[in-house]
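One structure is given here, and the rest of the page talks about it.
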Amino acid sequence: MLDCPLCKAHNEQLLWRDNDLRIILADEPDYPGFCRVVWNAHVREMTDLDPEARVHFMNAVFAVEQAVRELVRPDKINLASLGNQVPHLHWHVIPRFIDDPHFPDPIWAPARRAPRAGGVERAALAHALATRLA
């Protein structure tokens, strides 16, 4: 789709990709390790994928969750597949901390407190994903 921002990768911090999907580090400094798993083809809903593709997609989401848990050590992980504003199939894998700006609310809610300090090494996350998805 011509106007879809997820159909063409641009200015993304790519962590891993294959022919079907890509995993990117989101530009969300308040949420170190926040990743998006994006289906490469323009697809709107999970049920538009065949069962094998669904399993492949979710295995990637679970691999990201596991890698982020090990490297970032969040208090909780949020998984979200919304697509209301961008109807292109993608999952958000969001590490949450009890002292993050929005906890316990969704990250899209008004902030409750100032951002926390922290980060994640992109190379370490990319390596962890490559190991899990090989």
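Values in this text are rule-based calculations from the coordinates and carry no lab data. Quantities reported herein were computed from a predicted structural model and do not represent experimental measurements. Don't worry about glycine lacking a Cβ; one is built from the backbone with ideal geometry, like all the others, and counts go over all protein chains shown.
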Using the alpha-carbon centroid of each, what span in Å lies between region 18-97 and region 105-119? 20 Å
Identify the residues of region 105-134 with backbone N under 19 Å of a label point that sits 7 angstrom from the Cα of GLN13 along the Cα-to-Cβ direction, or state none. 107-108, 115-131
Output the 0 to 90 degree angle, nearest 10, between the alpha-carbon long axis of helix 51-72 and the longest principal axis computed from the alpha carbons of the chain. 20 degrees
For the chain, the longest principal axis of the Cα atoms and the Cα long axis of helix 122-133 enclose an angle in degrees, to the nearest 10, of 50 degrees
Using only alpha carbon pairs under 8 Å that are at least six residues apart, calculate the relative contact order of the chain and give it in whole percent. 27 percent
Semi-axes of the equivalent ellipsoid of region 3-47: what are they in whole Å, largest first, if each equals the square root of 5 times a C-alpha gyration tensor eigenvalue? 19, 11, 11
Spatial extent of the chain: Rg and Dmax, with the Cα atoms as the point set, Å: 14.7, 43
Please work out how much length the chain gains when fully extended from MET58 to ILE98, using 0.36 nm per residue of separation minus the C-alpha to C-alpha distance, in nm with one decimal. 11.8 nm
Candidate cut points under chymotrypsin sites (Phe, Trp or Tyr not before Pro) in region 44-134, DSSP loop plus at most 12 other Cβ atoms within 10 Å of their own Cβ, are TRP108
Spacing of the two label points (7 Å from each Cα toward its C-beta) at ASP105 and ALA117, in nm: 2.6 nm
If r is the Cβ-Cβ distance from GLU45 to LYS76 and R0 is 25 Å, what FRET efficiency results, to the nearest 0.05? 0.45
